[in-house]
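Each reported figure results from applying straightforward, stated rules to the coordinates on display, with no laboratory input. Please read these numbers as outputs of a predicted model, since none were measured by experiment. Reconstructed Cβ throughout: ideal geometry from the backbone, glycine too, with neighbour counts over all protein chains shown.
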């Protein structure tokens, strides 16, 4: 059974600081997604990672994938308040099922 | 806006009521999904439709009944729900099931409260 675990579940960080959110998945998966959700809003797709070693960057966010370690990371550089949201990773099981992690609630304070 | 709309945005219903949730996508996609998001739980996939055919039912109780009349519309019919069914119900769409770079686009959700 594919399980996706994120840590930390809650993250409170100061503006300007760096931090990493970790996403571990339990069985083989060939696709890893990162989504952002603001309170009361839709999930917004951030990154799709399709191969081992894939790295994608958008603004202050960078995502990477290590399929051998079954690990994806979302790195936040010089955090700003606008990044406050809940971040979800999701891994694709071979039988076409997208399994979501529990989410990491990020709060950035001045 | 993601191109996926859901109505109503909020719904309060009694356990004996019958109601329906509606989802519409304006992206030309062929796959549509229903998810349940409960507090402190991961998103749970409920149903998948690909080209109007139901391809997945994740052991969802029969009090939830999906309907997909065409590739742009998806309904979730609700009847005799339980209080534990209270959650945020999210609809999503993607180009088609099984594409290598498939990304799902989510609607804003319907916040359901069952009394």
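Structure above, values below:
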{"quantity": "For A:40-51, mean number of other protein chain Cβ atoms within 10 Å", "calculated": "4"}
{"quantity": "Under 18 Å from the residue B:111 label point (7 Å along Cα→beta-carbon), backbone N, the stretch A:28-59", "calculated": "A:37-44"}
{"quantity": "Neighbouring partner chain Cβ atoms per residue of A:99-105, average, 10 Å criterion", "calculated": "3"}
{"quantity": "Pair residue B:39, residue A:57: separation of 7 Å Cα→Cβ label points (nm)", "calculated": "4.0"}
{"quantity": "Per-residue mean of C-beta atoms belonging to partner chains within 10 Å, peptide B:25-38", "calculated": "1"}
{"quantity": "Chain B: most fluctuating residue of B:102, B:24, B:44 per GNM, C-alpha cutoff 10 Å", "calculated": "B:102"}
{"quantity": "Length released on extending from residue B:82 to residue B:67, taking residue separation times 0.36 nm less the Cα-Cα span", "calculated": "3.3 nm"}
{"quantity": "Two-site FRET efficiency, residue A:27 against residue B:16, from Cβ-Cβ distance with R₀ of 35 Å, rounded to 0.05", "calculated": "0.25"}
